[in-house]
Amino acid sequence: MGRTARSPGFSSRLSVVRHPDAPAPGELLGAHYGECFGCGGEQPHGLHLEARAGDGVSITAEFTVQRAHQGAPGLAHGGVLASALDETLGSLNWLLRTIAVTGRLETDFVRPVPVGTVLYLEAEVTAVADRKIYSTATGRIGGPDGPVAVRADALFIEVKVDHFIDNGRPEEIRAAMNDPDQVRRARAFEVNP
């Protein structure tokens, strides 16, 4: 990827360990919550981003820019692109089996992304220090090896599930906690500010 997230002066590669129960490389991660703007299938104007586990603590993801995602005529809105990067980076935490929230997201917009374009994203965790998870992502157009359109560095902070219970709307929290699917129930509280 070429860039690394700012980290506090230690050997980042040595401190990152994929959880033994993480999805296997190539496995589709699926939506962590149906109503999620980034990956949820129940959001009519959402990104419907699909992420797959990669080697180590990395993932690849894709989403197609729709008309509802435009800012300037015919081009993706920068906030939507930042959301795609945030969703991709946040999905990395599933490979660590850690509940974490976005603490910082630094985004570079390199070139415009037209409506109808598939954005190919790849992300990896670059360091873990206590509750801090550093990661980086790149989004390309025209294919997985195409030109870079966007990139980001992020800092996620590990939290307890109480973060969501204390701050979320009670009806959504109850519905997610009562989901009979154990994996969906666990993943519902995966990433949020």
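The values are calculated or read from the model by the stated rules, or taken from the named source; none is laboratory data. All figures in this text were calculated on a predicted structure; none of them were measured in a lab. When we count neighbours, we look across all protein chains shown, and the Cβ atoms used for this are built from the backbone with ideal geometry, even at glycine. For accessibility, only protein heavy atoms count, side chains too; no ligands or nucleic acids. Shrake-Rupley method; radii C 1.70, N 1.55, O 1.52, S 1.80 Å.
General observations
- Strands (runs of 3 or more DSSP E) contained in region 82-141 and holding at least 2 residues hydroxyl-bearing (Ser, Thr, Tyr) and within 11 Å of the chain's Cα centre (by Cα): 132-141
- Of all residues making up region 1-16, the number that are surrounded by 13 or more Cβ atoms within 10 Å (Cβ to Cβ) and either polar (S, T, N, Q) or modelled with pLDDT of 50 or more (or both): 5
- Residue count for region 51-79, restricted to those that are touching a His at 6+ places or on another chain (Cβ under 8 Å), outside any strand (DSSP E or B) and open to solvent by 50 Å² or more (accessible area, probe 1.4 Å): 3.
- Condition met for Leu119 (without any contact (Cβ under 8 Å) to a residue 60 or more places away in the chain and surrounded by 16 or more Cβ atoms within 10 Å (Cβ to Cβ)): yes
- Out of Asp153, Asp145, one residue alone is modelled with pLDDT of 95 or more, open to solvent by less than 20 Å² (accessible area, probe 1.4 Å) and not aliphatic (A, V, I, L, M). It is Asp153.
- Search result, residues across region 17-36 that are open to solvent by 30 Å² or more (accessible area, probe 1.4 Å), under 18 Å from Thr98 (Cα atoms) and at pLDDT below 85: Gly30, Ala31, Tyr33
- Inter-residue pairs, beta-carbon under 6 Å, first hydrophobic (A, V, I, L, M, F, W, C) and in region 18-45, second surrounded by fewer than 16 Cβ atoms within 10 Å (Cβ to Cβ), 6+ apart: Ala31/Gly41
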